[in-house]
Structures are given as structure tokens and as C-alpha cells.
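Below is one structure, written out as C-alpha cells, with a few remarks after it.
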Protein chains: 4
Amino acid sequence: MISFTCDYTQGAHPEILRRLAETNLQQEEGYGMDSFSEQARQKIKAATGCSDADVFFLVGGTQTNATVIDALLQRHQGVVAVETGHIAVHEAGAIEATGHKVITLPAHEGRMWACDLTAYLRAFYDDPTWPHMVVPGMVYLSFPTEYGTLYSRQQLADIHNICRQYNLPLFIDGARLGYALASPMADINLPGLASLCDVFYIGGTKVGALCGEAVVFPRGDAPKHFFTLIKQHGALLAKGRLLGIQFDTLFTHDLYLDISRHAIQMAMRLKNAFTARGIELFIDSPTNQQFPILTTAQAEAIGRQVAFEVWQPLPGGRLVTRFATSWATPPEHIDILEHLLDEAGA
Amino acid sequence: MISFTCDYTQGAHPEILRRLAETNLQQEEGYGMDSFSEQARQKIKAATGCSDADVFFLVGGTQTNATVIDALLQRHQGVVAVETGHIAVHEAGAIEATGHKVITLPAHEGRMWACDLTAYLRAFYDDPTWPHMVVPGMVYLSFPTEYGTLYSRQQLADIHNICRQYNLPLFIDGARLGYALASPMADINLPGLASLCDVFYIGGTKVGALCGEAVVFPRGDAPKHFFTLIKQHGALLAKGRLLGIQFDTLFTHDLYLDISRHAIQMAMRLKNAFTARGIELFIDSPTNQQFPILTTAQAEAIGRQVAFEVWQPLPGGRLVTRFATSWATPPEHIDILEHLLDEAGA
Amino acid sequence: MISFTCDYTQGAHPEILRRLAETNLQQEEGYGMDSFSEQARQKIKAATGCSDADVFFLVGGTQTNATVIDALLQRHQGVVAVETGHIAVHEAGAIEATGHKVITLPAHEGRMWACDLTAYLRAFYDDPTWPHMVVPGMVYLSFPTEYGTLYSRQQLADIHNICRQYNLPLFIDGARLGYALASPMADINLPGLASLCDVFYIGGTKVGALCGEAVVFPRGDAPKHFFTLIKQHGALLAKGRLLGIQFDTLFTHDLYLDISRHAIQMAMRLKNAFTARGIELFIDSPTNQQFPILTTAQAEAIGRQVAFEVWQPLPGGRLVTRFATSWATPPEHIDILEHLLDEAGA
Amino acid sequence: MISFTCDYTQGAHPEILRRLAETNLQQEEGYGMDSFSEQARQKIKAATGCSDADVFFLVGGTQTNATVIDALLQRHQGVVAVETGHIAVHEAGAIEATGHKVITLPAHEGRMWACDLTAYLRAFYDDPTWPHMVVPGMVYLSFPTEYGTLYSRQQLADIHNICRQYNLPLFIDGARLGYALASPMADINLPGLASLCDVFYIGGTKVGALCGEAVVFPRGDAPKHFFTLIKQHGALLAKGRLLGIQFDTLFTHDLYLDISRHAIQMAMRLKNAFTARGIELFIDSPTNQQFPILTTAQAEAIGRQVAFEVWQPLPGGRLVTRFATSWATPPEHIDILEHLLDEAGA
């Protein structure tokens, strides 16, 4: 059985394991004060082109979202996201648990549209009862989105401009950031992204690490007590070296982007495997998640040897499915899938 | 420079790294549904003698405390702890951030006394205004305590009895559990501990793992939606295999206790190194943390080559210090320390 | 200037003021233990036909919603409401501030449809990722709705049945309950309502009182520590007599329904004043809120002497407006309005 | 049966009831935008000598404390109070429910000592682990304290100076403020108090009103969205006129202080009634709460006709009791008490 269910079915890039072993008995301070974390911070500042950036390493995505959002919002404020945003759907209410509402806008293949954001903000402040409502305090985007889609540089710039006009920090969830930046359809790089938001994170868990997300405040304006808040949120790793070593490795010799490009190559082969056989895509994703629409028969035939996710059923019995590749996907897995598709007569 | 500042200055037991590498490309499900986590759960059930236990793997101590306490308390309830308890002092308000008060009792070398607990509970319910106060909903202990001390079996049984009488779950924070169980002064083993509380956790981070704490509900009565709560608290690791492999390794061939015993042997050598030179101990700790009282001159002399923590200054200029050993402390580090003590004329 | 902006522009029913004065110097216990509150509880039990009911008096609507919802939900749960529900829009995030998500369904003239609720619940539990999502823990309705509309007995029964099937308490916000029950279109009375939900409140603030809402658990199954939770939410009035006297008065000789009927009579005259002059209604409300669609010219002409709310602008320049009557609306105010409408040539 | 159990056994000052009746049918805006609230704000600005002050009216003490503290603290901060402070004991965890720790210092007859505050703050920032702890974010005092005692002007100034040095807002809970200011032992008046803190509230509930507390930010620097926070905390009264009329009345012709003085006169007669009969006082309170130490026989004898509170039992069977007077205490009640004391042979 091979699996395309998600982008975290395997461990870490071997170079990370090698360096963990190599440095294992070196004594280091805890809580991110270790030398590896310090090196990783320097390399991330260089890679983002933000020499003044504040960089913090947290363990996982949900805790990162909750910590950043809770740190930036005041008590009467909420975070604006699209209705398919990870924080709105799949984080078990982690944002609300910190006391804040997720204010939702329509999603367009996972994307927020600048015009929707403007319309919402105008209507909000036009309504004389707004002081009785949750006040928008920041904007949250995923890049790539939960549907694998991208924002263009212009789309990000438009949203960022609105945010600045309304004094709203823009936070970009980059759980799969590498898979966005490595896509041939992306017209933005890491420094470009950093210049178009106020805080973002570089996902490690899904892009080569065992765990870990690097939060970047590009302009070095992290909330003063962000460290204490990380601790309060249970997101401070005692052995910070584990995160430091991983990000130090990922940001050495461009490893992060290199392995991301592999995932995209595999995803494009995957997409082609479906479309060449006349299988429609639910969304034309340029990143590592692909959403073929399978018949029940196809799903069953493939499903005997390949694991994937059923995203949603369609009327008439067809299924939107999700196949994810990653830095670790072997080309042979695509070969097997193609073979199965052929057998299934797709 | 060598360091005794804490028990997490180094990486993981080499066998853990070996198994991470060996299994690295094996595809597994996420969120603790992997085969390694399943094996680890079985081994922990066996080691605790609790075949019905519910076992969950979380990443770190603060998030574990916050998640368990939040899961067990109702909204109007607080958790009872001693004033030196980790949740009362060093977790940046993580418990209060979930809406719950930490109700504090006096600490006796880090321990809660059963008589203090009884006195508090009686006085609480004798006070007719109690419905205007935070109601005690559970009891929290650390074993070993933050001062390295132990509870005897009888002391735990006494506290557990009071808890049962008042219908309060007893939660034991075992961030350093191995170092308690491996102490020659401990009169309790893992199954014994499991029988005297309602939920506890087996600390990995400080005892051989890179990260990870195993929460055990010995009688299999975890709150129904505990998984969702772990997620909400940002404590659910996507690559649960990282935790599964580590605990599977630690609970194979008794590794957890073996490496804990090493730490205790080193701690006893350390203790002896001080007392043999007439250096008084602040607390006579039978576990891996030792608290020698150094003169400023001694502290400076040693401090040139050895890192340790200053716990608190005493009147007259002497310092209570903390030296911690761990599974990874090399005997040579103790040799160096002894040499420095001799040089310092201690 | 006369005002139809809301149903709380005036003080209290004169009989309430008379009884406040009459009992003013009588010494009573605080926190709802006074004899007036006890009498009021008995009268409400009788009026609802629920001799076992638990009845509590709180000060205002938002705090009542937050306290009841927080008391009934577990930490991983959210409350299901329509997107126009008061808790979803106009309570400044009071529910989220207690850590819970408001899960929204479409609104149909302010109403929840049973079929939408079923569809949501089925889809939720059909989605294998549901343990990563906020679990529905209760359902919230307003009766009448924020748009002045009613549920029929059958509609409530349908929703209540679904709730029972999924073990979800049904909570009815009755901030304007009198104005629903007194409507000629209502096919349900107070005991009927009590039998079709698990908890509801009888609004005082908008129906004759200075302040106060009576929370009723018809089957006497209030959460055990509800009193302490009321206190924690800052919703426990020290001089509980103020609430007790008001509800005792309102539930003596059917005063609550009598004054509600007056508001409805005024509202029907108001509605007729608009429709007779060819002014369309945005929603055909059978209760005390009316939503005429005015031209800008009409709005301006009337607005010189009458205050009302602009609910939302329509394309083309027309305005949805809201006119509310109450127990205190003098018939002369309707006369003035009719006169103005005539002058405006409507 | 007559009662000295607390200072809210009776209704409101008759002048308040008269004005409620007089203005009852006047139409006013809600939520504190009414003309009475505006007048009350002006009068409070004048009475406090703070022409720039921001003034808000909330309903009760617990909600006022929770709203102000939640508004002033950042997420990683706690509020410093003495261990007998109302927020630390008798508010059912309302502060923790907003996510903040109450950091407690020793109480000296209910008072905080400046030296304790300094010692705590120095030790906190001297401890290198402080970023792992709840950071002090403001200081809370009660004036008078929960034990009826006062701070002198110098004591308040000392605490305020420390607060300024550490950039901590000082918040004074004035639930019984009138009874402090009217005490012959007070060496401070309302403008004096306003100059020595950053925010305080003027208690209405216990000093002549049915309900209501007036929050004053003397320098007009209320948090920008304080109104929305009041709403979120369920502390915004729809019929704000109820609060406006009450405070307007209390601050007309010095009524607030006049009626407070009556309570103090009664309290001094009460104190004298005990001490003249050789009954010891637990605390020598100069305000409206008195704490005589009664024998069980005395308590029983008096208790047949007079209600009072048992504060705490003393070893040997004696009882610390609390007798409270108020603006409404009739002199005859003191006469009755004296008679009973004589009969009891005290």
C-alpha cells in the first residue's frame, strides 16, 4: 500500500537526521537559545531578505496560528479569514479557545478576494452598530491555500494594501510555503512574500522536517512579550535544538526550495496522470495537492493499493479526492498509480 | 564549558535516533494513528500494568498540563497545587489562559501535605460563601517535585484517598518521572503510581527523548473528546510517528528506567562531591536535581568551566544552586566538577 | 421627536416602579435569595406549567446568552445558530470570549430551518476529519427572531426532535418573548414553548422591566453549579430583589402578556400605516418590529420628527428601516407617524 | 428580624426612586447614550476634579473588575492583588475566566504594603526565568478594603509611585468608596483619590443605588474600544438610563457623600456598642463594616433577632463576626442591638 493521503506520511529529510545524530551530545541551552536556532535565524533572515526580522520556532501549525493570532489581536477583535481557511475549519476551535472570533469571507478556490475584504470592511464601519460587533483586527491567508491554489503577487499586494489602509496586520499561514514558492505558477519569492505581509510562517512539518514552523516578523516588530506568549500557549519546545537543527539544515544550500521543487514535479506528473486519462480536476492546483474527480469504480480500483483522501462527494456518485505529494514522494509511487489507473480502464 | 543547568542540554538517546533513521521513509498515518504510536501505547499499558489504559502522546510539558487540566475541569472549577508547582510558577499562566485558577497550598520541599489538602477542603465547604468562590475540581502533584523530592507510596495514597472522598481527580506531572522511579529512595514503581492517581504523564523530553510526554489515564476513562481537545490546544503532532517511535524505543527492554538509573547514579556522585567537601545542601534530594549551597567564591571558581543554575540567593551572600544530571551526563563531567571543587579549596 | 428606534426607549411599567417604592426599605437577602425572587420563581413555574423548573434571574441578554451557552457546552464544542442570530452578530464576541465557536447556518428571514440543521449535522459526522473540528454541542434560536419572525409550533418541534436525536440541548433566546407569544400569528403559548426546548429565557428588559431576564430550565436540570457560573460571568446581581420584584410584578395577573399584546396592537397599526400607503415591507413581521422599505425622500420627511433605525440600504437608494413598538408605545405616536406619512405624500 | 449582614439589604435612596418614576416615560437612547447618563458623567467629572475623565457605567462589581482588568492587561500579564482581595477570593474566578492570573501578595488587615509590592517586583525581574512566568501588568486595590480598613494618602501615593516606576496601571475597586471617603479617618477626598490611580470605580450598589458602578479613567485614557469590551463582558445595560439616573441623583447636591456619612455614623455607634461592653474587635475598622469577636453565647443570644455574618471561627470557640451598616440603616436598629447585647449580659 502506498499513500498520497497527505504530505506528512514520512519522516524527515535524511540530512536532518544526519545532523541530529552528529550534534546529539553537544550541550546546548534550551528554549531556542541554542546555537543551531541562532544559526537558523540568521539563515532565514538572509533567505527572506529581512535583516531585521524577528524569527521564532514553534512546533506545529495549529499552535502557531493560535499563538500569532492571539498575540496580535486585542480582546475585542477577531481575525478575518475565508470560510475554508484552516483556522476556520480544521483547528478544533483553537482560535475561539483564545477568545477570538474567526470572521469569515467567501472562499474562491480557497482564496480571499480583495474586493470581498474591502466590501466587508466598508460595510462594517458603515454600520452604526459596529461597536456592538467583533472588530476586525487582522487578516489571515494561507499560501498556498487549503485547495492548493496560489495568490499572485498582485493579489497579495492588493490585500496587503487594504490591510494597511485599515491598519490590520496581514498574517500568512505558510504550512506548505515551500510548495507554493516552488510552483512554476508562483510569481513571487520568499523576500517578495515577506515584503507583502506583516508576519508569516515557513512550514517545516510538511516540507522536510519532523516538526517545526518558523514564524517571521519581517520588520522585526514582534510583540514585545512574544516569547512568554509562546510559552503560555504550550508552544515553546524545551529542546529548541530540535527545531534549530532542522531549520538550519533546511536553509542551508537552498534545501528547503530544492525538496519543495521535487514535490511539485511529482504533483505535476500526478496531475498529468489523471488528465491524460480524461479524469477531470475539481480545482486546477499548481501545487502539491491535486483534486481529481473519480468515479466510485475508479476510486475503488485504485483504493486497493493506494491510499488517498475523499474530499467531498458530488451529486451523481462521483468523488472529489485529494492526492498529496511531498519532498519524499518516490517517482515509483506515481508509476504505480498510473499503472492502476490504466488497469481501472481510466 | 560543561553544563549541569538542566536535564535537556543534549539530544536523544542514540537508539531513538537510530530508529528514527531506520523507519524514516516508511509511510504512516498522522496524528498518532501510526503503527509506532500503537506499539508504544501497548508497551506503556504493559509497563504500567493497566491493560485498559488510555494513552496519548503530546509534545511538551506545559501543553500537557494545560490540556489535561482543561479537559478535566468544569468552568467553575480550579486546580489545587502547591505554590511551587510548575503550573503555579513557570508556565506563563497557561492554566489561567484556559480560564482556570490555580489554587495554591503551602509547599514542603516542593511537596503537598495531605493534612493541608484536607484542611483547605474542609474550610472551603464550611464557608457558606463558597458558591462565590472557585470550586476545587482536581489536584495536581509533581513526582518528583520541582525540588527533586519524592512522595512515598503512603503519602500518595493519603492524598489519593482525600481526592476520592471529595471526588477530585488526582493528576501527577511526571515530567521527570524516570528520575523519581529510578531513585533508590522511591518505594513505588510505575504500576504502583498508576494505581494511586487518575491521570499522569511519563516525561520524555527530560528522560531520553527529543520531545514528548505520554499521558496515561490508567482506568481508560479519558474524557470522550480528549483527541479534539489535544488538537484545540495545539498539542497534536501531525507526524505522530516522532512521538510513537521515541516512546516505543524508551519502553523497549526497559530503556526508560535504565537511562534514568544512570542519571541518578551521576546525581548521587554529584551530591557526594559536594557533601564530602563540606558543602551543605539546600534540600536533600534523592533524584537528579541537587541543590548545593555555594559561597560566592565557590560559585565563581566553578562557574568558569561549569554552567549551573542559581536557584535563589541566601542572606549573607551564599547561593542556593541547582545542578541537574540526566540520562546523558558523562561520568567525566562529574570528575571535572570534583577537580574544580578541589581547586576552589572547597 | 418621538422614537421607534427600539423597544427599550422608556423605563419600566408603572406597577413595577410602584412595587419597588413600596418594598424599598424591607430588608432582604442578596443574590436572588430574597422573598420577591422566590415568589417570582413560583409564578414563573406556574406560568410555564413546569413545576420542577429551575429559574434564575440575570441582568441582560448578552450576559444571559454567554452564561447559559458557556454552562452547557464542553470545551471542544460550539453552539449552532443562524448567521443573523444575536450571538453571531451583535454581542461583540461574547460567546467566543468564553472560548466557544458560533457555528452558523443560513438564516431564512431570521429563522433556522430544520432541514439545514439536519444537513449540517449529517455532513459533520460523515466527514472523517470531524475530530479536528469544533463539535456541535447545542442549538440556539431566537423567538421571535431578530427579524421579528416567528417559528410555528411544528417548526420548533422539528428542530427539537433533531436536537434530541443528536443529544444537543436546544436554547431559546426570548429577549422579546412576550412579543412572540402575544402575536396573533403565534400558535404556541408559554407552556408549549417550555416543552419544546431545554432552556430558554423570558426577556424583561424589552418587555416592561428596567432590566432582567429570567432563565428557565423547564425540567429542573440546570447545571449543578449554575449559580457559581452566573457569578463568574459577572451576571449575579447583589440586590437580586430588583429582578425579583420586576418578574414578580410581570407574572402577576398576566401583566407580561397583557403589555406584550399592547405592543403588538401598536405594531399592527404601524404595519397598516405603511402598507395602506403602498409602502412595501422587507419582511412581513407578525411581532413588534416592522421593516418598511422607504424611499430616501420618505425617510427624510419622517425623520424630522420620528427616530427609527436604518436596517440596510437597498440598491436603487431605498432603505430597509426598522420601527419597533413596545409595551409603552402611546397610540398618539402612531397617529403622528401616520400624519407625517400623509404629509410626505406616501 | 433586623439585618446587619451586608450593605445591600435594602433598595435605593428614595430620591432615586422618585426620579426613576418622574422620568419613566421620557424616551431616551440606550446603552449609556441617554441624557441622564451624560449629565451623570458631567457631575462625576466635576466631583472628581477631572474634566478630561472618561466615565462608564456598569451594572455590578464583579463584571466591572473583570472588564477593567481584562481591558488593561495584555495576554501574558496578570493583576497583582492582596490575597484577601475581592478578585482573589469572592468572584468565582471571574478574572481567571478572562485568561489572567491574580498574583497575590500578603494582606495586612486587607491592605497591600508598598514594601511587599516593591519586593515582589524586584524579585520578579531579578529572576532570570521571568519570561516563563506571568508578567505583572497592573495593580488592584480595594478602598476601603474587604476588612473595612483604609489606605492613607501617603500609602496610596507610595503604591502609585511604584506602579509608575514599573509602568503598571493602578486600579482601585471602590465598591464601597463612599464609606471610605466619609470616614473621619480618611485623609483623602475624591479628587485626591483620582490623582493617585489610573482607573477606579465609584460603587453605587452598596451606596444608595439599586445597582451600578461608575468606572472613571481620571486622565481620559480609557482603552480605545472600552465600550465594545463592556458589551463583550455582558456588562452593557440596554436601558442605560437606569444607571444614568441613579448616578445623576447620587452626584447631585453631594447625596453620595451625605448618605455615606450616615452609614459611618451608624457604624461608629455600632462599634461603640460593642467596645463599651468589653467586646473586642478583630480589626479596628473606621468604615461601615465592623468585626466584633463574640462568644458563642453572645452570638446565639443576639442571633435570635439580628442577622449578621460569621466571618471566621477562632480557636477556643469565639467567632469573628461582621456587622455592616449602610446609607439605609435606621438608628433604631442600633438601639435594638444594644438592647440585645445588654440582655445577653455582654
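The values are calculated or read from the model by the stated rules, or taken from the named source; none is laboratory data. As the structure is a computational prediction, the values presented were derived from the model and not from experiment. With ideal geometry, Cβ positions are generated from the backbone for all residues, glycine too; neighbour counts draw on all protein chains shown. Accessible surface areas use protein heavy atoms only, side chains included; no ligands, DNA or RNA. Shrake-Rupley method; radii C 1.70, N 1.55, O 1.52, S 1.80 Å.
Taking the Cα centre of the protein assembly as shown as origin, work out the dipole magnitude from +1 charges on Lys and Arg Cβ and -1 charges on Asp and Glu Cβ, in debye rounded to 20.
For the protein assembly as shown, the charge dipole is close to 0 debye.
Whole-Å semi-axes of segment D:1-59's equivalent ellipsoid, largest first, each the root of 5 times a Cα gyration tensor eigenvalue?
26, 19, 11
For the protein assembly as shown, what proportion of DSSP beta bridges, expressed in % and rounded to the nearest 5, is antiparallel?
Just about 55 percent of them are antiparallel.
Among D:Leu337, D:Thr275, D:Ala81, pick out the residue whose Cα is farthest towards the positive end of the charge dipole of chain D, where Lys and Arg carry +1 and Asp and Glu carry -1 on C-beta, about the Cα centre.
Of the listed residues, the answer is D:Ala81.
Taking a label point 7 Å from the Cα of D:His108 along the Cα→Cβ vector, which residues of segment D:132-149 have an amide N closer than 18 Å to it?
From segment D:132-149, the list is D:140-149.
May I ask you to give the average projected area over all directions of the convex hull of the Cα atoms of segment C:60-204, in nm² rounded to one decimal? Each step should come with its number before you reach the end.
Details: hull surface 31.7 nm².
Over every viewing direction, the Cα hull of segment C:60-204 projects on average to 7.9 nm².
Mind listing the label-point distances from D:Asp187 to the same position on all other copies, shortest first, one decimal in nm, points 7 Å along Cα→Cβ?
Nearest to farthest, the other copies are at 5.9, 7.4, 7.6 nm.
With N set to the residue count of segment C:68-134, report its C-alpha Rg divided by 2.2 N^0.38 Å to two decimal places.
1.14
Could you state the accessible area per residue of segment A:1-134 in Å², with a 1.4 Å probe and every protein chain left in place?
Details: 4700 Å² over 134 residues.
In whole numbers, segment A:1-134 has 35 Å² accessible per residue.
For segment D:1-99, just say rounded, prolate or oblate: build the C-alpha gyration tensor, square-root its eigenvalues into a ≥ b ≥ c, call rounded for a/c under 1.5, and beyond that prolate if a/b exceeds b/c, oblate if not.
It is oblate, given that a/c is not under 1.5 and a/b is not larger than b/c.
Take the Cβ-Cβ distance between B:Ala123 and A:Thr275 as r, set R0 to 51 Å, and report the resulting FRET efficiency rounded to the nearest 0.05. Provide the component values of the computation, followed by the final result.
Working: r = 73 Å, r/R0 = 1.44.
So, using R0 = 51 Å, E works out to roughly 0.10.
Does segment B:174-282 classify as rounded, prolate or oblate by the C-alpha gyration tensor (a ≥ b ≥ c root eigenvalues; a/c under 1.5 gives rounded; else a/b over b/c gives prolate, otherwise oblate)?
prolate
What residue in chain D has the Cβ closest to the axis turning D into B, and how close is it in whole Å?
Taking the axis that maps D onto B, the answer comes out as D:Glu96, 2.
On average over all directions, what projected area in square nanometres does segment C:203-346 have, based on the convex hull of its Cα atoms?
Reported value for the Cα convex hull: 11.7 nm².
Beyond 48 Å, what share of the Cα-Cα pairs of the protein assembly as shown remains, rounded to the nearest whole percent?
Percent of Cα pairs beyond 48 Å in the protein assembly as shown: 39.
Could you give the spread of the C-alpha atoms of segment C:121-249 along their three principal axes, from largest to smallest, in whole angstroms?
Rounded to whole Å, the extents work out to 52, 40, 26 Å.
Kindly give the distances from B:Pro330 to its copy-mates, label point to label point, with each label point 7 Å from Cα along Cα→Cβ, as nm values to one decimal ordered shortest first.
3.9, 8.9, 9.5
At 7 angstrom along the Cα-to-beta-carbon line, where would the label on C:Glu83 sit relative to the other copies? Give the distances in nm, shortest first.
Those separations, rounded to one decimal, come out as 0.5, 5.4, 5.4 nm.
Among DSSP bridges having both ends in chain C, what percentage is antiparallel? Round to the nearest 5.
Rounded to the nearest five, the antiparallel share is 55 percent.
What is the Rg over Rh value, at two decimals, for segment D:100-177, using alpha-carbon atoms and the Kirkwood definition of Rh? Intermediate results must be reported in sequence, preceding the final value.
Working: Rg = 12.8 Å, Rh = 13.2 Å.
Ratio value, two decimals: 0.97.
Considering the options B:Pro136, B:Ala157, B:Leu168, tell which one lies farthest towards the positive end of the dipole of segment B:102-205, charges being +1 on Lys and Arg and -1 on Asp and Glu at the Cβ, about the Cα centre.
With unit charges placed on the Cβ atoms, the residue in question is B:Ala157.
Only bridges whose two residues both fall in segment D:57-189 count here: according to DSSP, what percent of them are antiparallel, nearest 5?
Roughly 10 percent of the DSSP beta bridges within segment D:57-189 come out antiparallel.
What number, rounded to the nearest 500 deg cm²/dmol, is the helix-based mean residue ellipticity at 222 nm of the protein assembly as shown, given -39500 (n - 2.57) per DSSP H run of at least four residues and division by all its residues?
-12000 deg cm²/dmol
About its Cα centre, what dipole magnitude does segment C:1-148 give when the only charges are +1 on Lys and Arg Cβ and -1 on Asp and Glu Cβ, stated in debye to the nearest 20?
Using Cβ point charges on Lys, Arg, Asp and Glu, segment C:1-148 gives about 120 debye.
What percentages, rounded to whole numbers, describe P(r) for segment A:247-315 computed over all alpha carbon pairs with 5 Å bin width beginning at zero?
The calculated distribution, bin by bin, is 3, 14, 20, 21, 15, 9, 8, 6, 3, 0.
Once you've got the Cα coordinates, tell me which of A:Lys231/B:Lys101; A:Lys231/B:Lys45; A:Lys224/D:Lys101; A:Lys101/B:Lys101; B:Lys43/B:Lys224; B:Lys231/D:Lys224 are over 26 Å apart.
On the way: A:Lys231/B:Lys101 18 Å; A:Lys231/B:Lys45 30 Å; A:Lys224/D:Lys101 19 Å; A:Lys101/B:Lys101 24 Å; B:Lys43/B:Lys224 23 Å; B:Lys231/D:Lys224 34 Å.
Table pairs above 26 Å Cα-Cα are A:Lys231/B:Lys45; B:Lys231/D:Lys224.
So if I average 1/r over every pair of distinct C-alpha atoms in chain B and take the inverse, what Kirkwood radius in Å does that give? Provide the component values of the computation, followed by the final result.
Values: mean 1/r = 0.0477 Å⁻¹.
Evaluated over chain B, this radius sits at 21.0 Å.
With only alpha-carbon pairs counted, each pair once and no self-pairs, how large is the Kirkwood hydrodynamic radius of segment A:232-277 in angstroms?
For segment A:232-277, the Kirkwood estimate is 13.3 Å.
Only helices at least 15 Å long along their own axis, judged from Cα atoms, and with Kyte-Doolittle mean hydropathy of 1.0 or greater: name those in chain C from DSSP H.
On the way: long enough: C:35-48 (20 Å, -0.89); C:61-72 (17 Å, 0.26); C:114-126 (18 Å, 0.27); C:153-165 (18 Å, -0.97); C:255-275 (30 Å, 0.14); C:331-343 (18 Å, -0.39).
In chain C, no H run is both long and hydrophobic enough.
Expressed as a fraction of 2.2 N^0.38 Å, the rule-of-thumb size for a compact globular protein of N residues, what is the C-alpha radius of gyration of segment A:206-254? Mind showing how you got there, number by number?
Numbers: Rg = 12.3 Å, N = 49, 2.2 N^0.38 = 9.7 Å.
That ratio works out to 1.27.
Could you check the simple spin-label distance between B:Arg304 and D:Leu314, using points 7 Å along Cα→Cβ, in nm with one decimal?
It is 6.2 nm.
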